[in-house]
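Single-structure report; data block below.
The values are calculated or read from the model by the stated rules, or taken from the named source; none is laboratory data. As the structure is a prediction and not an experimental result, all values here were calculated from the model. So basically every Cβ, Gly included, is an ideal-geometry build from the backbone, and we count neighbours across all protein chains shown.
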Amino acid sequence: MEKTNLLRSAMKRREFNILLLVVASCIILSFSAPYFLTATNFRTVAIGFSIDGLLLIGMTMVLATGGVDLSVGSIMALAAMINGTLFTDFGVPIAVGSVIAILIATALGGFSGFMIGKVGITPLIATLAMMGMARGLTYVITQGATVPISSAPPAFLNIGRGDFLGLPILVVIFIVFIVVFDIISRRMLPFRKMYYTGSNEKSAVLSGIDVQKTKLFTFALSGLLCGFAGILTLSRFTVATPNSGIGAEMRIISACVIGGASLSGGVGTVAGSVLGLILLSIIGNGLILLDVSIYWQDFISGAILLAAVTLDTMSNKKR
């Protein structure tokens with residue numbers, strides 16, 4: 001009886017339904033795409049969404065407050081470009097450059113949070129402006145040229161290309177970040193304040209929550225994770241490119257909404273968002289294996305985002 005109740009409870013959770021979709025997608029693609037069920041393909045897919053996973057954590061928290069962050073891809077690219085430029089042009093140790101890049105990314109995210117929480121600019125406009133400014137700086141720094149770091153220390157390059165216990169180090173880092181942030185987002189008060197703010201901002205203020213500081217903290221956290229993602233991208237590809245991360249925001253928002261986050265705020269879990277990202281990655285990988293045109297892939301990605309937002313809007317109306 002107890003096991004039956006647990007099963008019914010699990011089936012009511014959004015994560016369970018997404019997990020079923022992931023399994024169903026794998027089964028379908030295993031028959032339609034002969035190379036899908038191979039260790040090499042799974043490794044490629046896992047590495048591909050590992051860096052996106054860090055952006056996804058920050059986006060989940062931002063959506064929980066009722067906001068949105070369109071600057072994640074641009075800040076990630078800027079962090080990689082800053083680190084690469086400091087190393088190649090100024091001889092700054094790669095570890096020191098990484099810290100500087102992450103701090104700058106955190107400051108940019110925090111600035112967006114300040115403009116949203118204190119000044120009162122809507123998240124869409126504030127982060128859209130930050131997206132343009134951060135992307136512009138990546139071009140200004142090197143006039144649009146790429147920055148290779150092939151001479152970086154092997155220890156740094158090994159992060160993006162090496163293995164640990166048979167798994168790519170990038171995947172191990174992804175798992176650690178996801179587990180830690182899923183736990184603390186459910187249990188630690190500063191993270192719970194994000195959900196209270198997104199559920200009902202006026203009630204949160206009346207309850208004594210400093211909404212302005214909560215938004216500042218949330219967007220600074222998003223910037224911090226973008227900085228980490230930029231460093232990992234640089235380690236993986238050994239080159240910083242100004243075009244890196246273009247379109248990442250649409251992919252990340254889609255994954256979060258599919259996983260249960262709401263554009264209205266107050267709901268969503270890191271685990272659910274991760275399952276949404278895995279589902280999108282599997283679908284994208286399947287389209288490539290099936291030799292579907294890149295133009296149709298973009299169309300399908302946009303259609304999935306529209307469907308996810310539509311379902312979210314309808315569920316909000318019902319509530």
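Go through L157, L137, L124 for me and flag whichever is over 18 Å from G58 (Cβ atoms), in contact with a Leu (Cβ under 8 Å, 6 or more places away or on another chain) and surrounded by fewer than 20 Cβ atoms within 10 Å (Cβ to Cβ). The match here is L137.
Return the pairs, sorted by first residue and then second, in which the second residue is assigned to a helix (DSSP H, G or I) and among the small types (G, A, S), the first residue lies in the stretch 289-305 and is farther than 19 Å from L29 by Cα, the beta carbons are less than 7 Å apart, and the residues are 6+ apart or on different chains. Close Cβ pairs satisfying both conditions: L305/S254.
With the structure loaded, tell me whether A46 is touching a residue at least 24 places away in the same chain (Cβ under 8 Å) and farther than 21 Å from P242 by Cα or whether it fails that test. Yes; evaluated as a whole, the condition is true for this residue. Under the condition of being surrounded by 13 or more Cβ atoms within 10 Å (Cβ to Cβ), outside any loop (DSSP other than H, G, I, E, B) and not aliphatic (A, V, I, L, M), the residues counted in the stretch 140-154 number 2. On the given criteria, is V62 of a type outside the set (D, E), surrounded by fewer than 18 Cβ atoms within 10 Å (Cβ to Cβ) and either outside any loop (DSSP other than H, G, I, E, B) or within 19 Å of the chain's Cα centre (by Cα) (or both)? Criteria not met by V62. So which residues in the stretch 33-43 are touching a residue at least 12 places away in the same chain (Cβ under 8 Å) and part of a helix (DSSP H, G or I), if there are any at all? The answer is N41, R43. Just checking, which of R161, R135 is touching a helix residue (DSSP H, G or I) at 6+ places or on another chain (Cβ under 6 Å) and not hydrophobic (A, V, I, L, M, F, W, C)? Going through R161, R135 in turn, just one is touching a helix residue (DSSP H, G or I) at 6+ places or on another chain (Cβ under 6 Å) and not hydrophobic (A, V, I, L, M, F, W, C): R135. Those residues that are in a helix (DSSP H, G or I) and modelled with pLDDT under 95, I need them from the stretch 160-169; list them, please. Of everything in the stretch 160-169, those that are in a helix (DSSP H, G or I) and modelled with pLDDT under 95 turn out to be G160, R161.
Can you pull out the residues in the stretch 89-103 that are assigned to a helix (DSSP H, G or I), surrounded by fewer than 20 Cβ atoms within 10 Å (Cβ to Cβ) and modelled with pLDDT of 95 or more? Hits for the stretch 89-103 are A95, V96, V99, I100, L103. The lone criterion from (1) in contact (Cβ under 8 Å) with a residue 60 or more places away in the chain; (2) assigned to a helix (DSSP H, G or I) left unmet by A204 is number (1).
The set of residues in the stretch 180-201 that are aliphatic (A, V, I, L, M), assigned to a helix (DSSP H, G or I) and exposed (fewer than 13 other Cβ atoms within 10 Å of the Cβ) comprises V180, L189.
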